[in-house]
1. Within segment 212-220, does at least one residue satisfy the condition of being out of contact with any His (no Cβ under 6 Å at 6 or more places or on another chain), surrounded by 18 or more Cβ atoms within 10 Å (Cβ to Cβ), part of a strand (DSSP E or B) and basic (Lys, Arg)?
2. Would you confirm, using the coordinates I've provided, whether residue 96 is in contact with a strand residue (DSSP E or B) (Cβ under 8 Å, 6 or more places away or on another chain), within 21 Å of residue 122 (Cβ to Cβ) and at pLDDT 95 or above?
3. Can residue 183 be described as assigned to a strand (DSSP E or B), surrounded by fewer than 15 Cβ atoms within 10 Å (Cβ to Cβ) and without any contact (Cβ under 8 Å) to a residue 60 or more places away in the chain?
4. Please work out which one of (1) touching a residue at least 12 places away in the same chain (Cβ under 8 Å); (2) in a strand (DSSP E or B) is the condition residue 41 fails and give its number.
5. Mind checking which residues of segment 38-66 are loosely packed, with under 15 Cβ neighbours inside 10 Å and within 19 Å of residue 101 (Cβ to Cβ)?
6. Which condition does residue 205 not pass, out of (1) free of Cβ contacts under 8 Å to residues at least 60 places away in the same chain; (2) surrounded by 19 or more Cβ atoms within 10 Å (Cβ to Cβ); (3) within 11 Å of the chain's Cα centre (by Cα), if it passes all the others?
7. Has segment 16-33 got at least one residue that is within 23 Å of residue 171 (Cβ to Cβ), modelled with pLDDT under 95, part of a loop (DSSP other than H, G, I, E, B) and among the hydrophobic types (A, V, I, L, M, F, W, C)?
Amino acid sequence: MCDAGAMRVNRKIRLVLTAALLMVTARAMAYEEIEDLVDIFATGGRFIAMVDGRRNFSEAYRSDEKILWQGAKGEVGAFLTSDRLLAVSVRSGQWNTIYLKVNEKKGQPEMLISAHLVVMLTAERIVGFGTHTGGFIQTRMPIGESVADRAAEGRVAVVVTPARAFGFSSYRRGVAEIRFKRQEKVVSLKTTYNLIRLRTSQRLITLKSEDAVWRQFDLK
């Protein structure tokens, strides 16, 4: 009995220390600043990106193509039109283009942007583009699931459904997915410049930008 009690105490101490370490790490990661290095504008029938105030990238657009959204922040910029998503970064060397599917054109996709990432959400898929992703990355939206929460900050972005979470890092050409356990509910979501922190009814789940791997700590 004494051994079992000591084990429970030690486990609680480890959980407290882990949570404290994550809080310190989050604070250290939260205050990174970066200049706005990308400017974008549409003029003369062309999409223009100016990167670092020196390099210009140009892409033509049709007269019937409508701009639904545009944004530039930090090292990335993007246009969403009635036909496609165009994105550029300080490392891309050109505009990158991905076309909307037929059903995606019926409703306007939701857009997220941070200093290093652009994310597009539709009923069919999640599309990401980052400073170091080498182009677009995407994953299918699971059938019957809807977006419950989402966030983008610095080098990370996250999309949460009732059944799982999708993590994006500007360093990774891929999407990190983690599924929730049966009856597990998301309690809170927080992002800092390099860290995603999800707290559920059963676990603390984190993802760091440098390796884009979900890590979990049981709370029970």
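The values are calculated or read from the model by the stated rules, or taken from the named source; none is laboratory data. Source: prediction; values computed, not measured. Reconstructed Cβ throughout: ideal geometry from the backbone, glycine too, with neighbour counts over all protein chains shown.
1. No, because not a single residue in segment 212-220 is out of contact with any His (no Cβ under 6 Å at 6 or more places or on another chain), surrounded by 18 or more Cβ atoms within 10 Å (Cβ to Cβ), part of a strand (DSSP E or B) and basic (Lys, Arg).
2. yes
3. no
4. It fails just one condition, (1).
5. Those that are loosely packed, with under 15 Cβ neighbours inside 10 Å and within 19 Å of residue 101 (Cβ to Cβ): 62, 64, 66.
6. All conditions are met except number (3).
7. Among the residues of segment 16-33, not one is within 23 Å of residue 171 (Cβ to Cβ), modelled with pLDDT under 95, part of a loop (DSSP other than H, G, I, E, B) and among the hydrophobic types (A, V, I, L, M, F, W, C), which makes the answer no.
Quick grid of which residues meet (1) of a type in the set (Phe, Trp, Tyr); (2) within 17 Å of residue 158 (Cβ to Cβ):
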| position | (1), (2) |
| --- | --- |
| 61 | yes, no |
| 124 | no, no |
| 127 | no, yes |
| 137 | no, yes |
